[in-house]
Amino acid sequence: MNEVVEFLKENPVQYFATVGLDGKAKVRPFQFMIEKEGKLYFCTNNKKDVFNEIKNNPYVEVCASSPKFEWLRLNGKVVFSNDLDIKREVIESSSLVKSLYKNAENPIFEIFYLQEVKAVISDFSGNPPREYNL
């Protein structure tokens, strides 16, 4: 878990893939927020297409790469949470998120974590990928 969290923190722009409501692949930049009790949390706005896409099909994949030509693929099932303490922690962890949503009680602010997580970190070294079931 630690290697995955560190990779996400060190490479803060990730790409988040969903199945669009039209049945076609959709990818957009996203950002990992926090790890709490073994869960990887992200956030979004319930007015965005991505919110409806993951409500419709909760299986997603996240990809990030590093300047050292390493990359992480992380996939799992989205689980939404209304835990106000975790929402507050997410808000406080990111000045961007705080500027967008102001507070954890904002009705459009949504947090979610991934379950059934599989993470793979790969590179061009020729060594086998490092795989994690989180």
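The values are calculated or read from the model by the stated rules, or taken from the named source; none is laboratory data. From a predicted model like this one, the values you see are computed outputs, not experimental measurements. Cβ atoms come from the backbone with ideal geometry, glycine included; neighbour counts cover every protein chain shown.
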Completion exercise
Across (1) in contact (Cβ under 8 Å) with a residue 60 or more places away in the chain; (2) closer than 14 Å to residue 33 by Cα; (3) not in a helix (DSSP H, G or I), residue 74 clears everything bar (2)
Problem - Pair list, Cβ < 7 Å and 6+ apart or interchain, from segment 23-37 residues that are crowded, with 18+ Cβ neighbours inside 10 Å to residues that are among the small types (Gly, Ala, Ser) and part of a loop (DSSP other than H, G, I, E, B) - result: 33/94
Problem - Of the criteria (1) in a helix (DSSP H, G or I); (2) touching a Lys or Arg at 6+ places or on another chain (Cβ under 6 Å), which one residue 92 fails - result: (2)
Practice task
Quick one: which residue in 9, 26, 47 is in contact with an Asp or Glu (Cβ under 7 Å, 6 or more places away or on another chain) and basic (Lys, Arg)?
Solution key: 26
Exercise for the section: Could you check how many residues of segment 38-71 are more than 14 Å from the chain's Cα centre (by Cα), in contact (Cβ under 8 Å) with a residue 60 or more places away in the chain and within 30 Å of residue 128 (Cα to Cα)? Expected result: 1
Problem - Tally of residues being of a type outside the set (Phe, Trp, Tyr) and surrounded by 15 or more Cβ atoms within 10 Å (Cβ to Cβ) across segment 38-48 - result: 4
Completion exercise
Residue pairs within 8 Å by beta carbon, gap of at least six or interchain, first lying in segment 104-125 and on the phi > 0 side of the Ramachandran plot and in contact (Cβ under 8 Å) with a residue 40 or more places away in the chain, second assigned to a strand (DSSP E or B) and of a type outside the set (Phe, Trp, Tyr), listed first then second, are 116/76; 116/77
Problem - Selected residue (only one of 118, 102, 87 is surrounded by fewer than 16 Cβ atoms within 10 Å (Cβ to Cβ), more than 19 Å from residue 64 (Cα to Cα) and modelled with pLDDT of 95 or more) - result: 102
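Let's see how each residue does on (1) under 18 Å from residue 62 (Cα atoms); (2) touching a Ser or Thr at 6+ places or on another chain (Cβ under 6 Å); (3) assigned to a helix (DSSP H, G or I):
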| residue | (1), (2), (3) |
| --- | --- |
| 86 | no, no, yes |
| 97 | no, no, yes |
| 100 | no, no, yes |
| 107 | no, no, no |
| 116 | yes, no, no |
| 120 | yes, no, no |
| 126 | no, no, no |
| 132 | yes, no, no |
